[in-house]
Amino acid sequence: MDYDLIFSNAIADIKDEGRYRVFMDIERTNGDFPKATWHTENGEKEIVVWCSNDYLGMGQHPDVIQAMKDAIDKVGTGSGGTRNISGTHHYHVMLENELADLHGKEAALLFTSGYISNEASISTIARLMPGCIIYSDELNHASMINGVLTGKCEKRIFKHNSTEHLEELIKADDPATPKIILFESVYSMDGDFAPIKEFCDLADKYNCMTFMDEVHAVGMYGPRGGGVAEKLGLMDRVDIIEGTLGKAFGLMGGYITASKDIVDCVRSFASGFIFTTSLSPAITAGALASIRHLKKSNVERDRHQERAAKLKQLMREADLPVMPSSSHIVPLLVGDPVICKRASDMLLEDFGIYVQPINFPTVPRGTERLRFAPNPLHNDDMMDHLVKSLKTVWEKLEIDKYCRAA
């Protein structure tokens with residue numbers, strides 16, 4: 001058995017499909033985001049980052065940076081262990097209280113990432129309810145899908161954002177069976193919103209629980225950054241709200257907010273929480289400062305929405321195939337994985353523009369795209385340069401014919 005051949009063939013296959021991922025060695029400059037330095041074999045090059053999930057630039061905010069420095073000076077670096085064994089710090093307690101308040105819930109629980117918070121929480125909640133059925137949107141994130149699989153419960157996949165299909169599936173099952181409706185508030189690849197109210201109405205009608213992923217919305221929407229549910233006044237109708245500290249809040253980590261009993265059950269039964277070293281006090285302190293700032297400041301949110309709308313307008317005026325998006329996500333359709341990667345490479349090498357190609361399995365085949373994430377710090381000159389560069393790349397690679405085919 002040639003074991004090396006197995007792995008080299010696997011890599012060769014994804015390279016042939018044009019979806020082999022290459023890590024970018026970049027170095028952000030404090031105070032100069034979204035500019036960064038790209039480290040290559042041929043030296044360094046200044047680039048502008050257009051695909052960061054640090055949506056509001058809070059990873060560069062002076063209050064956040066100072067809070068992290070102060071925490072290190074006060075308590076040191078690592079947390080020292082799991083939450084059960086010396087790893088619960090006062091910063092964790094304060095942050096969980098802040099998150100519960102943000103979402104109007106009784107309690108919150110921190111995880112090391114948004115992926116883990118979804119997978120561990122969904123699987124644990126499902127296992128604690130015998131006979132549970134989960135109804136999951138077909139475009140839910142991989143972390144949610146794996147949570148369902150690990151929970152080993154019955155599952156039903158409903159068409160994206162389709163309340164009609166969801167109700168059809170629920171009505172076909174035993175009314176006495178425990179049920180969870182699983183969905184996201186903002187879907188990051190297409191930039192569309194879930195019909196949260198309608199899902200909650202169905203949950204009330206058929207006695208279901210609701211679990212909503214707000215990772216691409218927390219910090220971004222609502223008067224205090226509580227997400228789309230806060231903006232729509234629906235936080236009290238969603239049983240479990242999951243979020244991240246790694247996007248608009250500018251740090252890393254994930255969390256859930258819910259009733260005290262639900263949170264306590266996840267804390268007590270979820271392996272992904274119990275056996276993981278907790279977030280460092282510095283990261284937790286930085287997240288605390290970020291959330292507190294965004295609870296009282298709408299400057300970043302308002303500027304961000306204006307920037308996203310401006311970029312979409314410029315792309316439409318330039319006849320670039322910007323995909324319909326009602327959120328801050330700006331996807332540009334290419335329609336071919338190899339060409340999508342070539343376009344990304346050309347933008348980086350020739351124009352100093354960093355945007356990653358989004359290929360299968362993240363999006364369906366034939367809908368490959370470049371996904372732009374404008375933030376409050378992208379100025380008009382950067383946007384003009386981006387659009388002009390895209391027009392040049394589109395013409396050189398004749399991308400229009402792939403878009404039409406898609």
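Taking max minus min of the alpha-carbon positions on each principal axis, the stretch 252-335 gives extents of 54, 34, 25 Å, largest first. For the residues Gly250, Gly151, Gly233, a GNM of the chain with alpha-carbon springs under 10 Å puts the largest fluctuation on Gly233.
With n ≥ 4 as the cut-off for DSSP H runs, can you work out [θ] at 222 nm for the chain, using -39500 (n - 2.57) per run divided by the number of residues, rounded to the nearest 500?
Values: 15 runs with 177 residues, N = 406.
One gets -13500 deg cm²/dmol as the mean residue ellipticity at 222 nm.
Summary of the geometry: the stretch 198-275 and the stretch 344-389, compared by the centres of their Cα atoms, lie 30 Å apart. One way to sum up the overall shape of the stretch 54-156 is the equivalent ellipsoid from its Cα gyration tensor, whose semi-axes run 32, 17, 13 Å, largest first.
Just list whichever of Lys197/Lys312; Lys152/Lys247; Lys231/Lys341 have alpha carbons separated by over 32 Å in the model shown. Can you show the working numbers first?
Details: Lys197/Lys312 27 Å; Lys152/Lys247 30 Å; Lys231/Lys341 36 Å.
Flagged as over cut-off: Lys231/Lys341.
Shape verdict for the stretch 218-275, please, from the Cα gyration tensor: rounded (a/c under 1.5), prolate (a/b greater than b/c) or oblate. Show your work: numbers first, answer last.
On the way: a/c = 4.02, a/b = 1.39, b/c = 2.88.
Note, shape of the stretch 218-275 comes out oblate.
Per residue, the average separation of C-alpha pairs within less than 8 Å and at least 6 apart gives the chain a relative contact order of 21 percent.
Placing unit charges on each Cβ (+1 for Lys and Arg, -1 for Asp and Glu) gives the stretch 8-149 a dipole about its Cα centre, and among Leu139, Thr29, Leu110 the Cα reaching farthest toward its positive end belongs to Leu110. With a cut-off of 15 Å between beta carbons, the residues surrounding Leu311 carry a summed charge of +3, where Lys and Arg count +1 and Asp and Glu -1.
Quick one: grab the alpha carbon gyration tensor of the stretch 322-370, order the square roots of its eigenvalues as a ≥ b ≥ c, and give me rounded if a/c is under 1.5, else prolate or oblate depending on whether a/b is larger than b/c. Since a/c reaches 1.5 but b/c is at least a/b, the shape of the stretch 322-370 is classed as oblate. Since only Thr362, Leu332, Val322 are under comparison, the one whose Cα sits farthest along the positive direction of the charge dipole of the stretch 317-365, derived from C-beta charges on Lys, Arg, Asp and Glu, is Thr362. When the Cα positions of Tyr91, Ser123, Met189 are compared along the charge dipole of the chain, Tyr91 comes out farthest toward the positive end, with charges on each C-beta of Lys, Arg, Asp and Glu. Shape of the stretch 109-234 from its Cα gyration tensor (a ≥ b ≥ c, root eigenvalues): rounded if a/c is under 1.5, otherwise prolate when a/b > b/c, or oblate? Taking the square roots of the gyration eigenvalues as a ≥ b ≥ c, the stretch 109-234 is oblate. Under 5 Å between amide hydrogens, built in the peptide plane, is the criterion, and for Thr210 it picks out Ile181, Asp239, Ile240 among residues at least 5 positions away or on other chains.
Within the listed set Pro195, Pro175, Pro337, the residue fluctuating most in the Gaussian network model of the chain (springs between alpha-carbon atoms under 10 angstrom) is Pro175. Counting only DSSP beta bridges whose two residues both lie in the chain, roughly 60 percent are antiparallel.
Each reported figure results from applying straightforward, stated rules to the coordinates on display, with no laboratory input. Everything quoted here is computed from the prediction, not taken from an experiment. Cβ atoms come from the backbone with ideal geometry, glycine included; neighbour counts cover every protein chain shown.
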